[in-house]
Amino acid sequence: MPGLRADGESGQPPGGAPLPAPALPAALRQHGGLDPDVFAAQLEGLRSFREQAWCAYWNDIAAGYEEEAEGLLGKDEAAERERGKDALIKAVTYYTVSAFPGTTPLRMEAYRKARELSERLAALLDDRLEKVTLEVGGEEVTGYQRFPEGEDRVPMVIVTNGLEGTVQELALPLLRYREARMGVFLMEMPGTYSYRNPMSPGSEAVYHGVIEHFASHPRVDAGRMAMVGTSFGGYWAARMAARSPRLSCAVACGAPVHHAFGPGNALGTPEIIVSVLLKVTGARNMSEMASRLRELSLVKEDLCRKIEIPLLVINGEKDTLLGTRDSVLLSMRARRGFLKLYEGDDHCAMGHYREWLDLTFEWLQERLAAAGTPA
């Protein structure tokens with residue numbers, strides 16, 4: 001989307017750069033099941049990030065699909081109800097796009113609307129997907145948990161996304177793995193959307209709290225737990241791989257590690273991403289934001305080398321948002337690091353989304369099975 005500016009005008013931002021496609025939320029990059037050509041045309045029809053224009057544009061499209069869903073979901077014909085589900089998925093997707101990046105009142109209103117419809121959608125798509133709210137680490141963490149049928153203890157995977165991600169974005173693609181014999185908990189990253197406190201190294205406490213909650217869950221085999229993260233969520237997956245003795249393996253996709261936090265990095269170059277980072281870190285200005293980001297480096301305290309569990313590192317070969325060298329660094333310094341770069345792809349390898357999700361779940365199942373095998 002060349003030339004689209006954070007301040008709402010088209011053209012090159014003063015002192016900044018055009019918003020690159022990888023800076024957009026997963027709903028935009030993956031189209032939420034939308035027709036790519038239709039979505040591209042819709043993007044071309046909007047040249048502003050200003051709150052009023054951005055939210056009104058996407059909300060109008062979302063409301064149309066919401067109305068369509070309401071008219072179809074009560075029908076007797078199964079085919080019409082399926083069309084209604086599809087329309088509801090599209091409504092959630094467009095409200096999620098409207099909510100990006102969640103830093104203003106109208107965007108937060110769209111976020112809450114997407115959450116509300118997601119709860120209804122979850123019940124329609126999978127009656128085992130359950131909304132859960134946890135009080136951990138001084139925060140209220142709302143996410144979705146899912147366990148397979150039965151009463152046995154199963155491996156547990158905690159999935160977290162990044163700066164711009166929402167829990168509803170995580171839920172839809174992961175439903176295709178519902179037959180896997182593992183539990184899953186989907187959560188948003190601390191500092192984003194509905195969290196009370198900014199993100200900092202202390203946000204570890206939130207993830208520790210979530211991990212400990214599920215370690216004591218009656219359906220969870222506490223000896224077989226894993227974490228998966230995308231973008232900044234990948235950072236937390238890597239950090240918790242070093243910090244939590246509960247985890248047996250982890251997957252970090254498109255994670256900033258060290259270089260992305262330093263001078264000359266790509267992180268935060270687009271003005272819209274700068275605004276998100278200022279909010280997420282709680283910084284008052286660019287200098288304070290840069291200082292807080294440097295504190296997150298996994299090279300500090302040599303955390304990369306403290307990762308002893310299997311760690312799968314995924315990214316595009318040409319990450320123009322964060323840079324690919326952090327993925328390489330992480331895989332090399334982790335004692336059991338595995339690196340998968342997708343040729344010609346960008347941040348988080350979103351052009352190969354299905355491929356790396358399949359790889360991730362196959363890899364997790366193998367490692368978690370091995371974790372449960374007696375030595």
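The values are calculated or read from the model by the stated rules, or taken from the named source; none is laboratory data. Nothing here was measured: the structure is a model prediction, and the numbers come from that model. Counting neighbours? That spans all protein chains shown, and the Cβs are built from the backbone with ideal geometry, glycine included. Heads up: the accessible areas ignore ligands, DNA and RNA and are worked out on the full protein's heavy atoms, side chains in. Shrake-Rupley method; radii C 1.70, N 1.55, O 1.52, S 1.80 Å.
Are any residues in the range 204-221 in contact (Cβ under 8 Å) with a residue 60 or more places away in the chain and either touching a Pro at 6+ places or on another chain (Cβ under 7 Å) or outside any helix (DSSP H, G or I) (or both), and if so, which ones?
Val206, His217, Pro218, Arg219, Val220, Asp221
All but one of (1) modelled with pLDDT of 90 or more; (2) of a type in the set (A, V, I, L, M); (3) touching a Gly at 6+ places or on another chain (Cβ under 8 Å); (4) open to solvent by less than 20 Å² (accessible area, probe 1.4 Å) hold for Leu368, so report the exception by its number.
(3)
I'd like the full set of residues that are open to solvent by 40 Å² or more (accessible area, probe 1.4 Å) and without any contact (Cβ under 8 Å) to a residue 60 or more places away in the chain, limited to the range 136-149.
Those that are open to solvent by 40 Å² or more (accessible area, probe 1.4 Å) and without any contact (Cβ under 8 Å) to a residue 60 or more places away in the chain: Glu140, Glu149.
Check Ala226 against each of (1) at pLDDT 85 or above; (2) within 18 Å of Gln145 (Cα to Cα); (3) part of a helix (DSSP H, G or I) and name the one condition it does not meet.
If we test Ala226 against (1) at pLDDT 85 or above; (2) within 18 Å of Gln145 (Cα to Cα); (3) part of a helix (DSSP H, G or I), just (3) comes out false.
Considering the range 310-340 alone, what residues qualify as being of a type in the set (Val, Ile, Thr), open to solvent by 30 Å² or more (accessible area, probe 1.4 Å) and in contact with a helix residue (DSSP H, G or I) (Cβ under 9 Å, 6 or more places away or on another chain)?
Thr320
Condition check: in contact (Cβ under 8 Å) with a residue 40 or more places away in the chain and assigned to a strand (DSSP E or B). Does Gly162 satisfy that?
Criteria not met by Gly162.
Restricting to the range 341-359, name every residue that is assigned to a helix (DSSP H, G or I) and either at positive phi or open to solvent by 70 Å² or more (accessible area, probe 1.4 Å) (or both).
Answer for the range 341-359, where residues must be assigned to a helix (DSSP H, G or I) and either at positive phi or open to solvent by 70 Å² or more (accessible area, probe 1.4 Å) (or both): Cys348, Ala349, Arg354, Glu355.
Across the range 180-203, what is the total count of residues that are more than 23 Å from Ser275 (Cα to Cα) and out of contact with any Pro (no Cβ under 8 Å at 6 or more places or on another chain)?
Selection size over the range 180-203: 3.
Val154 versus (1) without any contact (Cβ under 8 Å) to a residue 12 or more places away in the chain; (2) β-branched (Val, Ile, Thr); (3) surrounded by 18 or more Cβ atoms within 10 Å (Cβ to Cβ): which is the lone unmet condition?
(1)
Which residue, of Gly209, Gly143, is under 18 Å from Met108 (Cα atoms) and either touching a Phe, Trp or Tyr at 6+ places or on another chain (Cβ under 7 Å) or at pLDDT 85 or above (or both)?
Going through Gly209, Gly143 in turn, just one is under 18 Å from Met108 (Cα atoms) and either touching a Phe, Trp or Tyr at 6+ places or on another chain (Cβ under 7 Å) or at pLDDT 85 or above (or both): Gly143.
I'd like the full set of residues that are among the aliphatic types (A, V, I, L, M) and open to solvent by 40 Å² or more (accessible area, probe 1.4 Å), limited to the range 64-88.
Ala78, Ala79
Conditions (1) surrounded by 15 or more Cβ atoms within 10 Å (Cβ to Cβ); (2) of a type outside the set (S, T, N, Q); (3) touching a helix residue (DSSP H, G or I) at 6+ places or on another chain (Cβ under 8 Å); (4) in contact (Cβ under 8 Å) with a residue 60 or more places away in the chain, marked per residue:
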{"residue": "Ser98", "(1), (2), (3), (4)": "yes, no, yes, no"}
{"residue": "Gly102", "(1), (2), (3), (4)": "yes, yes, yes, yes"}
{"residue": "Arg107", "(1), (2), (3), (4)": "yes, yes, yes, no"}
{"residue": "Arg112", "(1), (2), (3), (4)": "no, yes, no, no"}
{"residue": "Glu116", "(1), (2), (3), (4)": "no, yes, no, no"}
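Take the residues in the range 165-197 that are assigned to a loop (DSSP other than H, G, I, E, B), out of contact with any Ser or Thr (no Cβ under 9 Å at 6 or more places or on another chain) and among the hydrophobic types (A, V, I, L, M, F, W, C); name whichever of them is modelled with the highest pLDDT.
Among them, the one singled out is Met182.
Quick one: which of Leu330, Leu278 is within 21 Å of Ser203 (Cα to Cα) and in contact (Cβ under 8 Å) with a residue 24 or more places away in the chain?
Leu330
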